[in-house]
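The structure appears right after this line, and notes come after that.
We did not get these values from a lab; they are worked out from the coordinates using the rules stated. Keep in mind that what you see is a predicted model, and the values were worked out from it rather than measured. Neighbour counts run over all protein chains shown; Cβ positions are idealised from the backbone, glycine included.
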Amino acid sequence: MLNWDELYKQCMECRNCPLHETRTHVVFGVGARDAEVLFIGEGPGEQEDLRGEPFVGRAGKLLDDMLAIIGLNRDNIYIANIVKCRPPGNRDPLFVEQEACIGWLRNQAVLIKPKIIVCLGRIAAMQIIKPDFKITREHGVWFERGNYKLMALYHPAALLRDPHRRPETFEDLKRLEAMIKETCSR
Ligand code: URA
């Protein structure tokens, strides 16, 4: 029977792909283990690798601001990444690295049982929602898989690079807020 302690312990020792060779920390995830909303990023950057926590750099600060707009914070959601070890130089995680790592996240989702999954950026959306996901066309669109409602937002790092996308993201956040009201009990 799957449990958090066992999953965490095994994940900390993971050597499923070569990213383990260059990591400082495995970035497991943070937040409420019974969260109704699960946010999924791409993979740890430099700061996350050093601290062992997701989204603690500049993009993380923006993510906190985005969450606050709709009354969310790190204590009432869960945040994890597609890959748990930093890809060197912050490159995109390779598909083989994603596949080697995704079992940890799937098990976390089984334990959390979220109602809503929010993918942050293209990489997470392609892995979680569908392989041909197009972030420019499909951000803010709701998808359904089994018991989950899914949507993608622009990645906060993309919003730092392209601030003109922020108004669209504000609209997407409002859509997320409405879905939380409709679907979640808390
Ligand atoms: N970008 C991500 O996708 N995840 C993090 O944890 C940090 C930056």
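Rank-order 1-9, 96-104 by packing density, defined as the average count of other C-beta atoms within 10 Å over each peptide's residues, highest first.
The peptides rank, most packed first, as 96-104, 1-9.
Could you quote the convex hull projected area for the stretch 59-186, Cα atoms only and averaged over all directions, in nm²?
8.0
Could you sort 30-37, 133-140, 42-49 so that the peptide with the highest average Cβ count within 10 Å comes first and the rest follow in order?
Highest mean packing first, the order is 42-49, 30-37, 133-140.
Kindly express, to the nearest 10 degrees and within the range 0 to 90, the angle between helix 166-183's C-alpha long axis and the longest C-alpha principal axis of the chain.
Once rounded, the angle reads 90 degrees.
What whole-number distance in Å separates the alpha-carbon centres of the stretch 1-19 and the stretch 52-122?
The stretch 1-19 and the stretch 52-122 have Cα centres separated by 16 Å.
By average Cβ neighbour count within 10 Å, what is the ranking of 112-120, 157-165 from highest down?
Top of the packing list down: 112-120, 157-165.
Past the 19 Å Cα-Cα mark, which pairs from K84/K149; K113/K181; K84/K134; K113/K149; K149/K181?
Correct reply: K84/K149; K84/K134.
Pull up the DSSP beta bridges for the chain and report the antiparallel fraction as a percent, rounded to 5.
So the antiparallel bridges in the chain amount to around 30 percent.
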